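Notes follow once the structure below has been shown.
The values are calculated or read from the model by the stated rules, or taken from the named source; none is laboratory data. As the structure is a computational prediction, the values presented were derived from the model and not from experiment. Here the Cβ is made from the backbone with ideal geometry for all residues, glycine too, and neighbour counts use every protein chain on show. Quick note on the areas: whole protein, heavy atoms, side chains included, nothing else; ligands and nucleic acids left out. Shrake-Rupley method; radii C 1.70, N 1.55, O 1.52, S 1.80 Å.
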Amino acid sequence: MVRFGYHVSIAGGISKSFDYASEIGCTSMQIFLSSPRTWALERSSPEEKRRFLDKTTTCDIKPIFVHMPYLPNMASPKEEVYEKSIKIMSDIIEECATLSIPYVVAHLGSELGTGKENGIKRVVSAINKIKKKNNGVSILLENQAGQKNSVGSYLDDLKEIFDNVNTDEKGFCIDTCHLFAAGYDITKKEVIEEIRDKIGFDNIKVIHLNDAIYELGSKRDRHECIGKGSIGVEGFKKFFSFKGVNKMNFILETPREDKTEELEELSLVKKLIS
Ligand code: ZN
Ligand code: MN
Ligand code: MN
């Protein structure tokens, strides 16, 4: 079964995410664990965790993905930022284990001009510090959009990081907007085959399904609603037609404005996948 859903809000407590996701018909979802704009993870109360755990068994919404906050940078050459990044990522992973959440999506950060190989090394050693033991929570490496100094925008770089981290609890989160912005035309069969051959479809635990505001290769991370951007309805139709693609999990992080737009977008996605 293909599962899909939105990144949904945790306003009012993490367990509330289930209510809204169910209401709009999501079968999977992504959340932040606390405000994405702070350095400290704000943990949920034991009661709230209980409510969340209850809903993981009563709601058919799975898998659940947690997205890391915006501030950490595992590729940073600045010691303080690097250490703080390792700390919050470790806390998030630990918290996910207590909530039976199997996946944390990680941005690989910016090497701030120190060079790609340095950035990759830094990310690998950060992940090795974060994932010292198995606890049922996998870290998913998300591809970036090709912005200046970004780490992990290209398949070879993602593969290099993946191969060098000492944990089995790892995988990829592949974002369609970021692929397109980095120059991968996802409407082309050879591009999809390159993804399959380089990183393996089995290792892709989620697709971030986003259209792109700007053109192919723009190197700009600006999401658009499905069908309304440069990839477009025809582009996504083509994308889903490739073998293996329509069997993945999909999470949308699109700039929709309200529930009506969400319902419309979800029904379009359903139609395109089937
Ligand atoms: Zn992301
Ligand atoms: Mn994404
Ligand atoms: Mn993005």
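Residue-wise HN-Hα couplings along segment 245-257, as the Karplus relation 6.51 cos²θ - 1.76 cosθ + 1.60 with θ = phi - 60° gives them from phi, are 5, 6, 10, 8, 8, 10, 10, 9, 10, 9, x, 5, 9 Hz; Gly and Pro carry x. Take the chain and mark each of the chymotrypsin sites (Phe, Trp or Tyr not before Pro) that is in a DSSP loop with at most 13 other Cβ atoms within 10 Å; the longest unmarked stretch, sites excluded, is 71-274.
Using a cutoff of 8 angstrom between alpha carbon atoms and counting only pairs six or more residues apart, the relative contact order for segment 3-273 works out to 15 percent.
In the structure displayed, which of Lys121/Lys148; Lys129/Lys205; Lys189/Lys243; Lys132/Lys198 lie more than 20 Å apart, Cα to Cα?
Numbers: Lys121/Lys148 18 Å; Lys129/Lys205 22 Å; Lys189/Lys243 9 Å; Lys132/Lys198 26 Å.
Too far apart for the 20 Å limit: Lys129/Lys205; Lys132/Lys198.
Residue separation of Ser241 and Asn166 scaled by 0.36 nm, minus their Cα-Cα distance, works out to 23.5 nm of gained length.
Of Leu268, Leu252, which has the most accessible area and how do the rest follow, probe 1.4 Å?
On the way: Leu268 40, Leu252 0 Å².
Ranked from most to least accessible, the order is Leu268, Leu252.
Net charge within 15 Å of Thr38 by Cβ-Cβ distance, Lys/Arg positive one each and Asp/Glu negative one each, not counting Thr38 itself? With Lys, Arg at +1 and Asp, Glu at -1, the neighbours total +1. What is the calculated FRET efficiency for Thr58 to Ala11, with r their C-beta to C-beta distance and R₀ = 25 Å, to the nearest 0.05? In this case the efficiency is close to 0.75. Mean-square fluctuations from a GNM of the chain, with a 10 angstrom spring cutoff on Cα atoms, peak among Ala126, Ala182, Ala11 at Ala11. Across every direction, the projection of the convex hull enclosing the Cα atoms of segment 19-127 has a mean area of 7.4 nm². For the chain, adding -39500 (n - 2.57) for each run of n ≥ 4 DSSP H residues and dividing by the number of residues yields -12000 deg cm²/dmol at 222 nm. Electrostatic bookkeeping for Glu169 treats Lys and Arg as +1 and Asp and Glu as -1; over the other residues with beta carbon under 12 Å from its beta carbon, the sum is +4. Determine the sum of side-chain charges near Ser90: Lys and Arg each +1, Asp and Glu each -1, restricted to other residues whose C-beta is under 12 angstrom from that of Ser90. Combined, the nearby Lys, Arg, Asp and Glu give +2. Couplings for segment 72-84, taken from phi via the Karplus curve 6.51 cos²θ - 1.76 cosθ + 1.60 with θ = phi - 60°, read x, 9, 5, 9, 5, x, 7, 4, 5, 5, 4, 5, 5 Hz in order; Gly and Pro are left as x. Taking 0.36 nm per residue of separation and subtracting the current Cα-Cα distance, fully stretching the chain between Asn203 and Asn135 would add 22.7 nm.
Based on the Kirkwood approach, the hydrodynamic radius assigned to the chain is 18.8 Å, with every pair of different Cα atoms included.
Around the Cα centre of the chain, unit charges on the Cβ atoms of Lys, Arg, Asp and Glu (plus for the first two, minus for the last two) sum to a dipole of about 360 debye. In segment 3-273, a dipole from Cβ-located charges (positive for Lys and Arg, negative for Asp and Glu) runs towards its positive end, and of Ala106, Cys59, Gly171 it is Gly171 whose Cα lies farthest in that direction. 3J(HN,Hα) along segment 21-26: 4, 5, 4, 9, x, 6 Hz, from the Karplus curve 6.51 cos²θ - 1.76 cosθ + 1.60 with θ = phi - 60°, whole Hz, x for Gly and Pro. When you count the other C-beta atoms within 10 angstrom of each residue and take the mean per peptide, 84-90, 74-80 line up highest first as 84-90, 74-80.
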